[in-house]
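J.: Can you read through this structure? Questions will come right after.
The values are calculated or read from the model by the stated rules, or taken from the named source; none is laboratory data. Owing to the predicted nature of the structure, the values given are computational and were not obtained by experimental measurement. All Cβ positions, even for glycine, are placed from backbone atoms using ideal geometry, and neighbour counts span all protein chains on display. In case anyone asks, the SASA skips ligands and DNA or RNA and just uses the protein heavy atoms, side chains included. Shrake-Rupley method; radii C 1.70, N 1.55, O 1.52, S 1.80 Å.
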Amino acid sequence: MHDAASTDGTQLGRCLWRNARLATLASDQAGLGVVERGAILAKDGRIVFAGPESKLPAELAAGVPVVDLEGRLVTPGLIDCHTHIVHGGHRAREFEMRLDGASYEEIARAGGGIVSSVSATNALDVDGLVAASLPRLDALLAEGVGTVEVKSGYGLSIEGELRMLRAARALETVRPVRIVTSYLAAHATPAAYRGRNDAYLDEVVLPGLDQARAEGLVDAVDGFCEGIAFSPAEIARVFDRAKALGLPVKLHAEQLSDLGGAKLAASYGALSADHLEYLGADGVAAMAASGTVAVILPGAFYAIRETQKPPIAALRQAGVPIALATDCNPGTSPLTSLLLTMNMGATFFGLTVAECLAGVTREAARALGLAAEIGTLEPGKAADLAVWNVESPAELVYRIGFNPLHQRIFAGERVSS
Ligand code: DI6
Ligand code: FE
């Protein structure tokens, strides 16, 4: 983890922020869990108190540096729980092809899409991948993001996938951020294995997962369950290996069609199923039963001009937790704004302000298996905070392309200007 260098004189990880409006997102509170005239006390990078300043025991705050937030809004540090920010090159040419009428699927079947990012990614070493990713990471951090999930999936060879995961881990050493990695070799089949998915699984995906696990490079295992990618049966082979290695799973599911991917993921107790435009009632029921989080990705919906919306009302009715993420990737979602993602989640899919903010904090943490560590302003959680120049939490969702961040706090240290 990056050693956050204190920039406002507070001792490492110790500070009292007072005179603030807190949106705690605490799960035992209705809506945003707003606390007026609130205070947050952190010690050793963790929250020890978050609540009305009047209830803060004086002895607890004795000798701790104090910062007056002048009535500003404080939320948990934002969490982008689904990104592909580590990759080489771009796909602007395909963007033009789609403007000329080609569909995402047609481009993929013609050898474009994910496979076309592979050569640009594999042309870079770890340092090159880190350098290529930093502008995307910095754009996220500038909007108060403190945790980013990063997938492999553009190497499509054992060494290429491991290199991507090493680069993802390296991002934590050069920026004050928490990086969570997902192994996504089952993203697409490289040209050498075209039409031979099982051979690709046997010779690359599964042995690559073993090596990634052995090197401590992987926190979860992901896959792309789709007609242009992998079948439920093929994904099940990857998930069986993940299970044998003691790794949690998640899945790109029902993005372009309903293959029963979310249901399969739920049967493995998946942390999340992501995209879900074509999710059916059986998939909703399976996710509700397993506690699998629905990660909604409006950037991809927008960029490929999808018309089928994910079944938000059914997910809400069934009590399925709903998260939001950028899906930042060069093909279907070259989006590096979690604030704009929230605006899209509300405007396209009818998510409420509270659902959007929970979707990039508490529920995003849940989608990463980190609900005990981050995602709310509660004692015991990491002191990751975002301080905003807004009067109302709704302004964080309502604006389009505007960043009202005042300060970002990571592990109890101010890390932004
Ligand atoms: N679904 C997506 O939208 C991205 N990956 C996936 O499984 C697309 C990634 C790309 O086109 O580069
Ligand atoms: Fe994705």
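J.: Please express the shape of region 107-151 as an equivalent ellipsoid: the semi-axes are the square roots of 5 times the eigenvalues of the C-alpha gyration tensor, given largest first in whole angstrom. Walk me through the intermediate numbers first.
T.: Values: eigenvalues 128, 43, 12 Å².
One finds semi-axes of 25, 15, 8 Å for region 107-151.
J.: In terms of Cα to Cα distance under 21 Å, which lysines are near enough to Lys250, apart from those fewer than 8 places away along the same chain?
T.: Lys151, Lys263, Lys309
J.: Could you check what % of the DSSP bridge pairs in region 179-336 are antiparallel, to the nearest 5?
T.: 5 percent
J.: Continuing with this model, one more query. When the accessible area of region 376-415 is split by element with a 1.4 Å probe, what percent falls to carbon and sulfur? Numbers along the way, then the final one.
T.: Details: 760 of 1490 Å².
Carbon plus sulfur share of accessible area: 51 percent.
J.: For region 196-308, with all protein chains present and a 1.4 Å probe, just round the carbon and sulfur fraction of the accessible area to a whole percent. Working shown, then result.
T.: Numbers: 1920 of 3800 Å².
C and S atoms contribute 51 percent here.
J.: Positive end of the charge dipole of region 71-228 (Lys, Arg +1 and Asp, Glu -1 on Cβ, about the Cα centre): tell me which of Leu124, Leu78, Ser182 has its Cα farthest that way.
T.: Leu78
J.: Does the chain come out rounded, prolate or oblate by the C-alpha gyration tensor, with a ≥ b ≥ c the root eigenvalues, rounded set by a/c under 1.5 and, if not, prolate when a/b is larger than b/c and oblate if not?
T.: Numbers: a/c = 1.83, a/b = 1.60, b/c = 1.14.
In terms of gyration-tensor shape, prolate.
J.: Using the Cα centre of region 76-186 as the reference point, and only Cβ charges (+1 on K/R, -1 on D/E), how large is the resulting charge dipole? Debye, rounded to the nearest 20.
T.: Once rounded to the nearest 20, the dipole reads 180 debye.
J.: Volume per residue, Å³, of the convex hull around the alpha-carbon atoms of region 378-417?
T.: About 84 Å³ per residue, rounded to a whole number.
J.: Probe of 1.4 angstrom, ligands and nucleic acids ignored: what's the accessible area per residue over region 81-228, in square angstrom?
T.: Per residue, region 81-228 has 34 Å² of solvent-accessible surface.
J.: Would you compute, from DSSP H runs of 4+ residues alone, the mean residue ellipticity of the chain at 222 nm, taking -39500 (n - 2.57) per run and dividing by the full residue count, rounded to the nearest 500?
T.: Computed ellipticity for the chain at 222 nm equals -9500 deg cm²/dmol.
J.: Something else: Could you give the accessible area per residue of region 22-69, probe 1.4 Å, as a whole number in Å²? Provide the component values of the computation, followed by the final result.
T.: Working: 2340 Å² over 48 residues.
That works out to 49 Å² per residue.
J.: Determine the dipole magnitude for the chain: charges of +1 sit on the beta-carbon of Lys and Arg, -1 on that of Asp and Glu, nothing else is charged, the reference point is the Cα centre, and the result goes in debye to the nearest 20.
T.: Its charge dipole is roughly 400 debye.
J.: Just name one of Thr24, Leu141, Leu99: the one whose Cα is farthest towards the positive end of the charge dipole of the chain (beta-carbon charges, Lys/Arg +1, Asp/Glu -1).
T.: It is Thr24.
J.: Contact order normalised by length for the chain, with contacts defined as Cα pairs under 8 Å and 6 or more residues apart; what percent is it?
T.: 21 percent
J.: Tell me the carbon and sulfur percent of the accessible area for region 38-97, rounded to whole percent, probe radius 1.4 Å.
T.: Exposed carbon and sulfur together represent 57 percent of the surface.
J.: So, one more: Over region 301-398, with the other protein chains present, what is the accessible area per residue in square angstrom, probe 1.4 angstrom?
T.: With the other protein chains kept in place, region 301-398 gives 34 Å² per residue.
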